[in-house]
Structure formats: C-alpha cells, structure tokens
Amino acid sequence: MTALNRRDLGLLVLRVGTGAVLAAHGAQKLFGWFGGGGIEGTTQAMEAMGFTPGRPSAVAAGLGEAGGGALLALGLATPAAGAAAAGAMAGAVAVHAPAGFFAMSGGYEYPAFLGFTAAAIGVTGAGRYSLDHATGHVVDQPWVVAAAFFGTALAAAAVVGRRAQAVAQPEPDEPEPEHIHARETEG
C-alpha cells in the first residue's frame, strides 16, 4: 500500500467516524433519535442555555451537526461541511467552557475535539475515496474553503457573543442579588 493510498484511507476512516458521530448528535437535536430531545426539547434547552431565539438556534445547531456530519462522512462539499460542524461545535464549547477543559467535569474537551477535527478535514480535503473526488472537486475549491470558514467564523462569533451577553444579563423578572442592595445602603 503506497503512502498516497494510506493517506486517503486514513482520511476516509477519520471522515466517516467524525461525520457519523456529528450526524448522530445532530439527529438527537432534530429528530429525537438516539434518546435526544428532538426539535422541541432542543429548543427549550437552547433557550435555557441563553441561545435566543431557541427554535432557530436548535435548527441551526442540529443542521450544522447532522448535515455537516453527513456531508463529512460522504466527503461531499467537505470545506462547507467541516466549517458548519466546527461552527456548531463552537457554540457547544461556549456552553461547556465554564466547567473547564475536561469532559469528566462537564468541560469543553469533547466538542472542541469534534470541532477541530471537522475543521481539519474541511481544510485538508476529503481525499481520493470521497464524493468530492468523484465529482471532480466542484465544491472543494480553495475559495470555498476560505468563504466557508470565514462565513462560519463570523456567524459563530455573533451567536456566541449574543449568548454571552444574554447569559451575563439578569432576567428582567429576577431580583438583583442582595449584595448589590447592601453596597447601595452602605455608602
């Protein structure tokens, strides 16, 4: 087996494995498969995590994972697939970041790994054993890589930034913490 064949075979294994995990995770969100909450449960979870509006956030996350994962597994539109999956994982990293790095304590280790892996495949390309190769790489061009990752980075930054603001602001019905009132009366 030549080095080229080994590289392409390795990319196939990495693509299919990563894509399948992402697609299954997204199917939980969109369809309730594999014990997931479906679109309604995911909508409620997204709102509870500070992603508003919840339903479009749930659909976007589900499509980024399920659609990006399926396309990665197939090796089709690989730059866009990798960028979409990485963008979805950026949102998951933001949710898990307060718990630290390691997954054992609820941290962002797992979504970060999936996001970096999807991004690496999107940048590297799908390899010879892919639909991109079979279609002559019509949607696997350098400009697609740049556009997909630039667009996804902007969108992810906007969504994560909006969530950070929402999480930082107390709900209008929530009373302010007691220590704020104590400082006002001490002065």
Kindly rank 61-67, 90-96 from highest to lowest mean number of other beta carbons found within 10 Å of each residue. 61-67, 90-96
I'd like the Karplus ³J(HN,Hα) series for region 121-128: coefficients 6.51, -1.76, 1.60, θ = phi - 60°, whole numbers in Hz, and an x wherever there's a Gly or Pro. 5, x, 6, 6, x, 7, x, 5
From Cα pairs below 8 angstrom and at least 6 apart in sequence, can you work out the relative contact order of region 63-174, rounded to a whole percent? 30
First select every other residue whose beta carbon is under 14 angstrom from the beta carbon of Ala23; then total the charges, Lys and Arg +1, Asp and Glu -1. +1
Skip the ligands, DNA and RNA, and give the accessible area per residue of the chain with a 1.4 Å probe, whole Å². 56
Ignoring everything except DSSP H segments at least 4 long, calculate the 222 nm mean residue ellipticity for the chain; use -39,500 (n - 2.57) per segment, divide by total residues, nearest 500. -24500 deg cm²/dmol
Whenever you get a sec, compute what percent of the accessible area on region 1-87 sits on carbon and sulfur atoms (1.4 Å probe). 71
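State, to one decimal in nm², a quarter of the convex hull surface area for the C-alpha atoms of the chain, i.e. the direction-averaged projected area.
For the chain, the mean projected area of the Cα convex hull comes to 13.9 nm².
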Degrees separating the helix 3-31 axis from the principal Cα axis of the chain, which is the longest one: 40
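Gain in length, Ala158 to Gln141, computed as 0.36 nm per residue apart minus the alpha-carbon separation, to one decimal in nm?
Full extension from Ala158 to Gln141 adds 3.5 nm.
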Tell me, what is the percent relative contact order of region 1-63, built from C-alpha pairs under 8 Å that lie six or more residues apart? 24
Tell me, what ³J(HN,Hα) does each residue in region 149-156 have, in order and in whole Hz, if you take phi through Karplus 6.51 cos²θ - 1.76 cosθ + 1.60 with θ = phi - 60° and put x for Gly and Pro? 6, 5, x, 5, 4, 4, 5, 5
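The values are calculated or read from the model by the stated rules, or taken from the named source; none is laboratory data. Model, not experiment: these values are computed from the prediction. No Cβ is skipped: glycine too gets one built from the backbone with ideal geometry, and neighbour counts run over all protein chains shown. When the accessible area is computed, the model is the full protein with side chains, heavy atoms only, and any ligands, DNA or RNA have been set aside. Shrake-Rupley method; radii C 1.70, N 1.55, O 1.52, S 1.80 Å.
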